[in-house]
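Only one structure is covered here, and it is reproduced in the block below.
Taken together, the values in this text are just the output of simple stated rules run on the coordinates, not laboratory data. The shown structure was predicted, so the numbers you read here are calculated from the model rather than taken from an experiment. So basically every Cβ, Gly included, is an ideal-geometry build from the backbone, and we count neighbours across all protein chains shown.
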Amino acid sequence: MREITLSQAVNEALAEEMRRDPSTFIIGEDVAEAGTPFKILSGLVEEFGTDRVVDTPIAEPGFMGLAVGASMTGTRPIVDLMFGDFIFLVMDQLCNQAAKIHYMSGGKMNAPLVLRTNLGATRRSAAQHSQSLHALVAHIPGLKVALPSSAYEAKGLLKTAIRDDNPVVIFEDKLMYNDKAPVPEEEFLIPFGEANVKRHGTDITLIGTSSMVQVCEKAAKILSAEGISAEVIDPRTIVPLDEETLLASARKTSRVIVVDEGHQSYGVTGEIASRINEKAFYHLDAPVLRMGAMDVPVPFSPALEDITVPTPEGVAENARRLMAGDMFHAA
Amino acid sequence: MSAAKTNTEDYLRMYAQMVRIRTFEDNANQLYLSAKMPGLTHMYSGEEAVAVGICEALRVTDKITSTHRGHGHCVAKGADFKEMFCELLGKEEGYCRGKGGSMHIADQSNGNLGANAIVGGSMGIATGAAFSAKLLGKDDVTVCFFGDGATAQGLMYEVMNMAALWKLPVIYACENNGYSEYTRTDEIAAGTITARAEAFGIEAHQVDGQDVLAVNELTEKLVERTRKGEGPFFIELMTYRYHGHHVGDINREYYRSKEEEKHWKDNRDPITRFRSWLVAEGIASEAEIEAMNADIKSEAAAAVEYALNADYPDAAEVDMHVFTDVKHALA
Amino acid sequence: MPALGMAQDTGLLVNWLKAPGEAVSLGDPLFEVETDKSTMEVEAPADGFLTDLKAEAGAEIPVGQIIALISDTAEGEGLTQEPSDFIDTQVAEKVDAEPTAAIPTHKVADPPVGSRQNTNIAVAPVAENERILASPKARRLAHEAGLDLNRLVLAGHPQPYHVADIEVLRTLPKTGSNAATSAHLSQITACVPRTGTDDFLNWMLEDGGITIAPTALWASFASGALRSAMPDTVDLIIALSNLTGVTAVLKNPDKTRLLHQMEVPDSHADLVLRDMTDSPITGLRLGPPDTPVLSVASDRDMLRLSLEFTSDQLESEAAIALISGFAERLADPLQYLI
């Protein structure tokens, strides 16, 4: 199978869906000629014109609000938010308006829009361009949240997101834009709420999201060399969450580490760990561990930034401790 | 009064719609005071000429976005008393199946995209509705209702900028009732409000919001031009709310005198003024008007009675309408 | 909900003093209860985490109802725990600065399932004062296989226990009937200041020149408390004993005057009252008795009370009522004698 970058995968998904559905349009800062700072959208304005690839002023609440209204009245906006950190700017329009309109109207209106943005640290972009804020929106009922972990997922999930009649927020890992992965040339969709078992194992389950899927896979390799068989699962969407696949694995291995690049406190790892505790408690032989980004603003200095994010070695070390019956009292 | 129009039916309908709003609000107020209505509500009484003058210039397919003080817009855009009272009382047959209530009442069948409990929250939605109309090649016009208080919100300037840049078919209708919640607007708004729109090159008008004919005449002209792609436009409608910020805002002399309220009610009431004009012009007799008023009163009384006896939604509806494609989100 | 008085069917939960999931240590004030006119703090009976709160502040709760668990994890245990995982409650009436001196502490062993009727009394395994540390899966597997984790403790196997340790447990030799019989033994302990008894006896002596044996007073009180706990009983036989054997058998000592208690021939007693105050022993547990035994031991200025019984002799609620009533009488003898 051919290999393309995550960036190309996103571009292909957008182009295919915009060809398929004339009511779709892209809106955001520097999306047209510039093709975004990451050059993800290059070529789209040439094909679809400035009516459907719309450059906006630097006005995130404005274009987000506009997208909500447009989505409620017959179009399918694909909003480009240049950095995931800017989600704080659009929270009212996203969470108070888009997320709730279907419910508040008793099911009579809806907001079929996609908010594409990104996450991920270690790009030396410092505290306001490095955050992974997907837990914030996953907390709000009415929003779906997708976290592609490779070019393949990026394409399949984005196409599904565009066709979804609900507001969907999709976070791409900005460090993976140039990473290649096998992506079929023929059309495919990845349904929401279906986790992907990336690697089968029997001793411990490593649940990773987005950028952390790779981290878990590397940790699994390290552990495999030591005779520990780790299962790696990528939930792919955290809303909806494929609880059954996660629980089945937890019941099988009895030990689980959840790894996510959002801050560890009050985050995705805690939510998933809690569901496993609630529903697989009597199958657990060890506490479910959370590994998230350190609870500090992302530091600029490489020496500091690199220690704020879970690493394969860190995951492997925690896995060893769980296997050894460590109580983690001091953790 | 402005120059006479020539269609008797239009005049009588405008009068009836204003009385319907006033009657609706009187009943809503009673429901609140007698503790039959959950929550709180914001009375539109006094501002009827604004909603009616504008909405009478619109088609059913034209869109409006409304505010927390939204009953008047809803009635003026063609809503039915029965579904409105049901919504206010949280009943199953309400416009939003009881899920929205007073502050989120919406009637998409008549193009009302909904009231909004966030001050200025619908400005993005209105602009987006105009954007999608343009993208889809429709000649629908969107009117964005908001209060003077909302002019303090940054979102307004972001979306007016985009609307002006892209010549979107939207009319921003600022209902200036002189009070930003519990504060005189001249204490919180620098300069003039129309100048803010003019700064974006948007043609702005100020009109007496207590004169339904003046409002209607101006709106007719601007709507026609907007349909031709000459928008956006901005109207500041000078009006007055008779009640407090909300129904429970009773002791308000610290920010507004009783004499001032009396002056507006005695000398500038939009319904009284229009009624005198109708009689003076020979369009309707006092007896005919009294009969019309009585009909509306009994229509409202019947709707209230119906709503009071209507069923609440089944508890199973609580997790419905969270997502369009999931019947019960928590099942 | 602890029973704080004889005439009390319910307690008003005034306030939780710990939050759900919060770590608690033995003796920490856990919640406040209001009965009649007074409000008291109830202390935590064990180390752990406060979980599974089943009652809110302001609730009127039947005595004996479980209102929370103290668990090994902040996540709690859920509702389907076996009885041995429930906390035991401890009634607090501050009588001593020592954290262990609250009255009465009860430790009730788990009677066989089905032999109790409608008892919600909190129970803990007699063999262990502390909860065994084991993973949920290890605990479940042990339970399913009918294996007792206590045996790993007794074998000195280090905690916490995981699935791998269950394999070790399978290989351990069975330890006879000890586990089986201990399951039938229940014990409740309590502690009261001895000044109540002493002051009363001294007053009788000094004011009336009357000498009364403490055992006579205690027999009367034990009988009264037992009668209140089991109101349907007509005659009560109380056997007095010391560490060497039975010294007297009394019939209805609560209904006769202290100086004229009715001795009867040695017959089956309803309760043995064992006086250990002359010995240095402050507590004992001798296995399932033939008759419920209420021991009174001396510990500095305190009297330590211990009620041993089996579930077919006394229901837990009656046992708690008995020892609570006895302790109340010891604290204020005059009120019950007049």
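Across every pair of different alpha-carbon atoms, what Kirkwood hydrodynamic radius in Å does the stretch B:78-124 reach? Before the final figure, lay out each step's value.
Numbers: mean 1/r = 0.0949 Å⁻¹.
Taking every pair of different Cα atoms in the stretch B:78-124, averaging 1/r and inverting gives 10.5 Å.
Would you mind getting me the FRET efficiency between C:ASP47 and C:SER279? Use the beta-carbon distance for r and R0 = 30 Å, nearest 0.05.
On the way: r = 31 Å, r/R0 = 1.05.
Using R0 = 30 Å, I get an efficiency of 0.45.
Sort the following peptides by mean Cβ neighbour count (other Cβ atoms within 10 Å, averaged over residues), highest first: B:316-329, A:250-263.
Values: B:316-329: 16.5, A:250-263: 25.3.
The most tightly packed comes first, giving A:250-263, B:316-329.
In Å, what Kirkwood hydrodynamic radius results for the stretch A:258-331 from the alpha-carbon pair distances?
Values: mean 1/r = 0.0749 Å⁻¹.
Here the Kirkwood hydrodynamic radius works out to 13.4 Å.
Enumerate the whole-percent occupancy of each 5 Å bin, from 0 to the last occupied one, for all C-alpha pair distances of the stretch A:3-182.
Bin by bin from 0 Å, the calculated values are 1, 9, 19, 23, 23, 16, 7, 2, 0, 0.
For the stretch B:33-105 and the stretch A:108-168, what is the separation of their Cα centres, given in Å?
After rounding, the separation between the Cα centres reads 34 Å.
Could you give the semi-axes, largest first, of the ellipsoid that matches the stretch B:8-319, computed as the square roots of 5 times the alpha carbon gyration tensor eigenvalues and rounded to whole Å?
Numbers: eigenvalues 155, 109, 87 Å².
Those come to 28, 23, 21 Å.
Local charge sum around B:VAL304 (other residues, Cβ-Cβ under 11 Å, Lys/Arg +1, Asp/Glu -1)?
Values: positive: B:LYS36, B:LYS82, B:LYS297; negative: B:ASP26, B:GLU299, B:GLU305.
Taking every other residue near B:VAL304 into account, the sum is 0.
Beta carbons within 10 angstrom, averaged per residue: use that to sort the peptides A:20-31, A:138-149, highest first.
A:138-149, A:20-31
Compute log10 of I(q)/I(0) for the stretch A:196-323 with the Debye formula, placing one identical point scatterer on every Cα and leaving out solvent, at q = 0.09, 0.14, 0.17 Å⁻¹, to two decimals.
-0.22, -0.53, -0.79
Beyond 47 Å, what share of the Cα-Cα pairs of the protein assembly as shown remains, rounded to the nearest whole percent? Could the numbers behind the result be given before it?
Numbers: 247203 of 499500 pairs.
For the protein assembly as shown, the share of Cα pairs beyond 47 Å comes to 49 percent.
Can you give me the Rg/Rh ratio for the stretch C:237-297, using Cα atoms for both radii and the Kirkwood formula for Rh? All intermediate terms of the calculation are to be shown ahead of the outcome.
Working: Rg = 12.0 Å, Rh = 12.2 Å.
Here Rg/Rh amounts to 0.98.
How charged is the neighbourhood of A:ARG320? Take every other residue with its Cβ under 10 Å from the Cβ of A:ARG320, and add Lys/Arg as +1 and Asp/Glu as -1.
Numbers: positive: A:ARG321; negative: A:GLU226, A:GLU317, A:ASP326.
Taking every other residue near A:ARG320 into account, the sum is -2.
Anyone know which of B:LYS99, B:LYS77, B:LYS262 comes out most mobile in the 10 Å Cα GNM of chain B?
Of B:LYS99, B:LYS77, B:LYS262, the Gaussian network model singles out B:LYS262 as fluctuating most.
Note down the net charge around C:ALA216, summing +1 for each Lys or Arg and -1 for each Asp or Glu among other residues with Cβ under 14 Å from its Cβ. Walk me through the numbers on the way to the answer.
Working: positive: C:LYS251, C:LYS255, C:ARG257, C:ARG329; negative: C:ASP254, C:GLU263, C:ASP275.
Here the charged neighbours net out to +1.
Go ahead and run the numbers for FRET between C:GLU60 and B:LYS167, Cβ-Cβ distance against an R0 of 45 Å, rounding to 0.05. Could the numbers behind the result be given before it?
Details: r = 69 Å, r/R0 = 1.53.
The calculated FRET efficiency here is 0.05.
Could you list, in their original order, any pairs among A:LYS252/C:LYS18; A:LYS108/A:LYS155; B:LYS63/B:LYS99 whose Cα atoms are separated by more than 28 Å? Don't skip to the answer; put the middle values down first.
Working: A:LYS252/C:LYS18 36 Å; A:LYS108/A:LYS155 30 Å; B:LYS63/B:LYS99 21 Å.
Where the Cα-Cα span goes over 28 Å, the pairs concerned are A:LYS252/C:LYS18; A:LYS108/A:LYS155.
Obtain the nm distance between the two label points defined at B:GLU198 and C:LEU205 by a simple spin-label model: each point lies 7 Å from its Cα along the Cα-to-C-beta direction.
With each label placed 7 Å out from Cα toward Cβ, I get 10.7 nm.
Suppose R0 equals 22 Å. What FRET efficiency, 1/(1 + (r/R0)^6) with r the Cβ-Cβ distance, do A:ARG19 and A:SER42 give to the nearest 0.05?
On the way: r = 16 Å, r/R0 = 0.75.
Plugging the Cβ-Cβ distance into 1/(1 + (r/R0)^6) gives 0.85.
Can you list, bin by bin at 5 Å, the percent of alpha carbon pairs in the stretch A:1-97, starting at 0?
3, 14, 24, 24, 20, 12, 3, 1, 0
With label points built 7 Å along Cα→Cβ from the Cα atoms of A:GLU278 and B:VAL326, find their separation and express it in nm.
So the two model labels end up 1.2 nm from each other.
As a test, work out the antiparallel percent of DSSP beta bridges whose residues both lie in the stretch A:143-285, rounded to the nearest 5. Before the final figure, lay out the partial values.
Numbers: 5 of 16 bridges.
The antiparallel fraction comes to roughly 30 percent.
What share of Cα pairs, in percent, lie more than 37 angstrom apart in chain A? The partial results should precede the final answer.
Details: 8759 of 54615 pairs.
The proportion of pairs with Cα distances above 37 Å equals 16 percent.
Take A:ALA303 and C:HIS268, extend 7 Å from each Cα along the Cα→Cβ direction, and tell me the distance between the two endpoints in nm.
Modelled inter-label distance: 8.4 nm.
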